[in-house]
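The numbers here are math on the coordinates, done by the rules we state, and not lab data. In this text the structure is predicted, and so the values were computed from the model without any measurement. All Cβ positions, glycine included, derive from the backbone under ideal geometry; neighbour counts span all protein chains shown.
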Amino acid sequence: MKSKTLIIIAFAVCALILLLFIAPIPLSGTKGVHIVSSVQTSQGQFENDTEMELVRVNGTLVNDGDITAENFKLSVVFIDEAHDKVVIRTIYENVDLPPNSEHVMGFESQYLREKTIPKTLVNATVQLEWMEDGVLKQG
């Protein structure tokens, strides 16, 4: 009797494993466009010039959703309150970002400014725009 129960349990486990391979169940909510990014910012003296500072933003992004992000645009916005400046650098514009993590996009942008005393920071943000099912989306 015990061996018959073990055989039934083993059969059920094998059937469940086979079912998971044949009809995978999505484990995350990646319907539509889902852009994942990694961004690093640094700010410091520009090479040997003691009067200038370089603000650098770089990173990567990928669409791990299930549809293409059409007309994708990536811009880096530098907000320098000490010098009363807002500088926008467009890195990508009107490109398609394929789904399912097929393409990792790298980016880098820089802003050079006069050094401040005392030191002030430049705020840098990454702006994303794309078309999804005919609707403009932002992230």
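Assorted remarks:
- An ellipsoid equivalent to segment 30-138, defined through the eigenvalues of its Cα gyration tensor, has semi-axes of 33, 13, 10 Å when rounded to whole angstrom and sorted largest first.
- Charging the Cβ of each Asp and Glu at -1 and of each Lys and Arg at +1, and nothing else, the dipole of segment 40-139 about its Cα centre rounds to 340 debye.
- Ordering of 96-103, 115-122, 66-73 by packing [mean C-beta count within 10 Å, highest first]: 66-73, 96-103, 115-122
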